[in-house]
1. Under 21 Å between alpha carbons, and skipping anything fewer than 8 positions from Lys130 in its own chain: which lysines qualify?
2. Which value, in Å², gives the accessible area per residue of segment 128-186 when a 1.4 Å probe is used on the protein heavy atoms?
3. Which FRET efficiency, nearest 0.05, do Val151 and Leu232 yield, Cβ-Cβ r, R0 30 Å?
4. Could you give the Stokes-Einstein D for segment 204-265 in µm² per second, using the C-alpha Kirkwood radius, 37 °C, 0.692 mPa s?
5. Please give me the summed charge of the neighbours of Leu136: other residues whose Cβ is under 14 Å from its Cβ, Lys and Arg +1, Asp and Glu -1.
6. Trp2 versus Ile82, label points 7 Å from Cα toward the beta carbon: distance in nm?
7. In whole percent, how big is the carbon plus sulfur part of the accessible area of segment 204-265, probe 1.4 Å, protein atoms only?
Amino acid sequence: QWKQLENLYFREKKFAVEVHDPRRISVSRRTFGQSGLVVQTWYANTSLIKSIWVMAISQHQFYLDRKQSKAKIPSARSLDDIAMDLTEMGTPKVSKLVTLEAKNQLIMASNGSLISSGSQDSEVSEEQKKEKIMELKKKEKLLQEKLLQKVEELKKICLREAELTGKMPKEYPLGAGEEPPQVRRRVGTAFKLDDNLLPTEEDPTLQDLESNFIIHQKLVEAAKKLASEPDLCKNVKKKRKQEYADAVKKLQEIENSINEYRIKCGKKPTQKSTLALPGEKIP
């Protein structure tokens, strides 16, 4: 039984277990007197003997940890937690197998550390460490690339907001010592609708159509100012002109819908879009 164990050690091709048996009294050279120790010995090649010793030490440590956990307040532990604890036990903790001096002498004489230099265990461990480090470096590189991509997206969004508001948002990512870029607000893109400009029609459907027309009319004016903004490159200028033409076309479609509904209700049609934009050729 584990509670009778006194020591576990190996020397080259020899593995020994010392067990305390009070019924048997023998003379020990280590204690220079009578002792109840019984020594069981096995012989094999060095690598096998060392592997047996490492497994025996780990098994005994597991016994000690269970004994200590039972003495404390019981708490629910998952199998994953127990496996993690066992994994972290690469080196056995100090236990009451023997006195420190005797134990150190045995380990020093047999090179009985868990990971000795040049051993098979250390080579496997180093190889696993290298593979793990390479895997972690690959994950780190992927995460850094994804982070840079998200930072660039955030910068573009902040720049677009600054162009509309004239103020750079505080969320704009800045590096060490980097100054926020100077952004020029787009000319004439802001507008506000007064309450008295909205029509007051008794028919709710016509009311919605008229309100939609007024709102879109302001959008057309803003698109026109953007298209006529100076110092634009050819591609941007072409794109804004196309956006302005699409906005005018949409405004005309809204007015056509209003006129169709007014004729259906027996009212006269209107020509608001041509009056709102004098001198403009409506596509």
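The values are calculated or read from the model by the stated rules, or taken from the named source; none is laboratory data. Worth saying up front: this structure is predicted, and the values here are computed from it rather than measured. When we count neighbours, we look across all protein chains shown, and the Cβ atoms used for this are built from the backbone with ideal geometry, even at glycine. Just the protein is used for accessible areas: all its heavy atoms, side chains included, with ligands, DNA and RNA removed. Shrake-Rupley method; radii C 1.70, N 1.55, O 1.52, S 1.80 Å.
1. Those lysines meeting the cut-off are Lys138, Lys139, Lys141.
2. Details: 5440 Å² over 59 residues.
Using a 1.4 Å probe on heavy atoms only, each residue of segment 128-186 averages 92 Å².
3. On the way: r = 28 Å, r/R0 = 0.92.
The calculated FRET efficiency here is 0.65.
4. Numbers: Rh = 12.7 Å.
Rounded, D is 258 µm²/s.
5. On the way: positive: Lys129, Lys130, Lys132, Lys137, Lys138, Lys139, Lys141; negative: Glu131, Glu135, Glu140.
Neighbour charge sum, excluding Leu136 itself: +4.
6. 1.1
7. Its accessible area is 53 percent carbon and sulfur atoms.
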